[in-house]
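The structure appears below as structure tokens.
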Amino acid sequence: MKLLIADDNSAVRSSLKLLLAGTFDRIITTADPRLIPAMLAEGDVDAVLLDMNFDPAGELDGADGLFWLSRIMEMEPHPAVVVITAFGDVALAVEAMKIGASDFVTKPWDNDDLKAKLRRAIADNRKRRDDRDLLAEAQELRSAAATKSRMTLDELKASHIKEVIDDCGGNLSLAATRLGINRQTLYNQLRKQS
């Protein structure tokens, strides 16, 4: 599993990296949230641990974190995101969860709680992704079935022959055997279709 830690505090990044080294195979970090899209571009990051404030000299209202959380959620597929907030920022964490964060951790964090939240966020994100893929596949199958139900018998026969030939890698002898006909009959059918 791969984790991205995005936090402008180097001590926090180092502490989190040490703490989570046994949980994740690979941990990458950044202090600059503008690098997040590039770091997620390959789609191999399982989770992001995202700080809500990136400029200690600027506003500490969480706007930076919400902005970058929104950008992460626009990516497809997006990783699970757990946000890190200061103890008093629970309202901000709730806003982050409305945008799509899986969970939140308050600073200072509890080590076991943080690990559990990251594991759960990744598992939930994978399940959502799998469910979405299954739904898309089911819709595709339903569409294909609807298309076939509108075909004439000759169109259905031609479609089936093409599918069997494709499945046999273009080997007409094998396709004829699978169709339960001899090669000459298959050739005759193919000629009729052209």
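The values are calculated or read from the model by the stated rules, or taken from the named source; none is laboratory data. Since the structure is predicted, the reported quantities are computational estimates derived from the model, not experimental observations. Methodologically, a virtual Cβ is constructed for each residue, glycine included, from the backbone with ideal geometry; neighbour enumeration extends over all protein chains shown. The area values use the complete protein model at the heavy-atom level, side chains included, leaving out ligands, DNA and RNA. Shrake-Rupley method; radii C 1.70, N 1.55, O 1.52, S 1.80 Å.
Just name the residue that is farthest from SER159 (Cα to Cα) out of those in segment 171-185 that are small (Gly, Ala, Ser) and open to solvent by less than 50 Å² (accessible area, probe 1.4 Å). Walk me through it before giving the result.
First, the residues of segment 171-185 that are small (Gly, Ala, Ser): 173, 175-176, 180.
Next, from what is left, pick out any that are open to solvent by less than 50 Å² (accessible area, probe 1.4 Å): 173, 175-176.
On the way: SER173: 18, ALA175: 13, ALA176: 14 Å.
Selected residue: SER173.
Can you name every residue in segment 42-62 that is small (Gly, Ala, Ser) and surrounded by 15 or more Cβ atoms within 10 Å (Cβ to Cβ)? Spell out how you get there, then give the answer.
So the first thing to find is which residues in segment 42-62 are small (Gly, Ala, Ser), and the list is 43, 47, 57-58, 62.
If the condition is that a residue be small (Gly, Ala, Ser) and surrounded by 15 or more Cβ atoms within 10 Å (Cβ to Cβ), then ALA47, GLY62 are the ones that fit.
Just one of MET39, MET73 is open to solvent by less than 50 Å² (accessible area, probe 1.4 Å) and farther than 21 Å from LYS127 by Cα; which is it?
On the way: MET73 fails: farther than 21 Å from LYS127 by Cα.
MET39 is the lone residue from the list that is open to solvent by less than 50 Å² (accessible area, probe 1.4 Å) and farther than 21 Å from LYS127 by Cα.
Is there a residue being polar (S, T, N, Q), part of a loop (DSSP other than H, G, I, E, B) and at pLDDT below 90 anywhere in segment 50-72? Outline the logic, then answer.
In the first step, residues of segment 50-72 are kept if they are polar (S, T, N, Q); the result is 53, 70.
Now restrict to residues that are part of a loop (DSSP other than H, G, I, E, B): 53.
Of the ones still in play, those that are also at pLDDT below 90 are 53.
Scanning segment 50-72, I find at least one residue that is polar (S, T, N, Q), part of a loop (DSSP other than H, G, I, E, B) and at pLDDT below 90, so the answer is yes.
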Seminar exercise, completed: THR85 passes all but one of the listed conditions (1) surrounded by fewer than 19 Cβ atoms within 10 Å (Cβ to Cβ); (2) at pLDDT below 90; (3) of a type in the set (Ser, Thr, Tyr); the exception is number (1)
